[in-house]
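A quick write-up on the structure given underneath.
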Amino acid sequence: MPKYFEELDGEVRKPCAGLREDLKACLLESDCVRKDKLSPKECLKEGARVDSECRALQFAFFECKRSLLDTRTRFRGRKGC
């Protein structure tokens, strides 16, 4: 379950930091990392061993990072962040 928060006690955070933390927590709790003893990076590369929740978080994180490069976001704001 995502635990994303925009700000914590007035602390300034990097863009997409909440999604990154959620993705990291999801990967560390997955069977691929726990049982198979693979790194989270290796689990993402293989893909078949990662839960659908982690895949959704990975896609959301990708979209958030991509929106940082999109010049239209100056007017519209970042997607999903």
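Of all the residues in the range 14-44, those that are free of Cβ contacts under 8 Å to residues at least 12 places away in the same chain and of a type outside the set (S, T, Y) number 10.
Can you name the residue in the range 27-74 that is small (G, A, S) and not in a helix (DSSP H, G or I) and is also farthest from P15 (Cα to Cα) among such residues? Show your work before the answer.
Kept after step one, since they are small (G, A, S), are these residues of the range 27-74: 30, 39, 47-48, 52, 56, 60, 67.
Filter again for not in a helix (DSSP H, G or I), leaving 30, 39, 47-48.
Details: S30: 25, S39: 24, G47: 25, A48: 28 Å.
Applying the filter and picking the extreme gives A48.
For every residue, the table says whether it meets (1) of a type in the set (G, A, S); (2) out of contact with any helix residue (DSSP H, G or I) (no Cβ under 9 Å at 6 or more places or on another chain); (3) at pLDDT below 85.
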site: M1; (1), (2), (3): no, no, yes
site: F5; (1), (2), (3): no, no, yes
site: L23; (1), (2), (3): no, no, no
site: E42; (1), (2), (3): no, no, no
site: C54; (1), (2), (3): no, no, no
site: R74; (1), (2), (3): no, yes, yes
site: G77; (1), (2), (3): yes, no, yes
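The values are calculated or read from the model by the stated rules, or taken from the named source; none is laboratory data. Quick caveat: nothing in here was measured; it's all calculated off a predicted structure. Cβ: placed from backbone, ideal geometry, glycine included. Neighbour counts: every protein chain shown.
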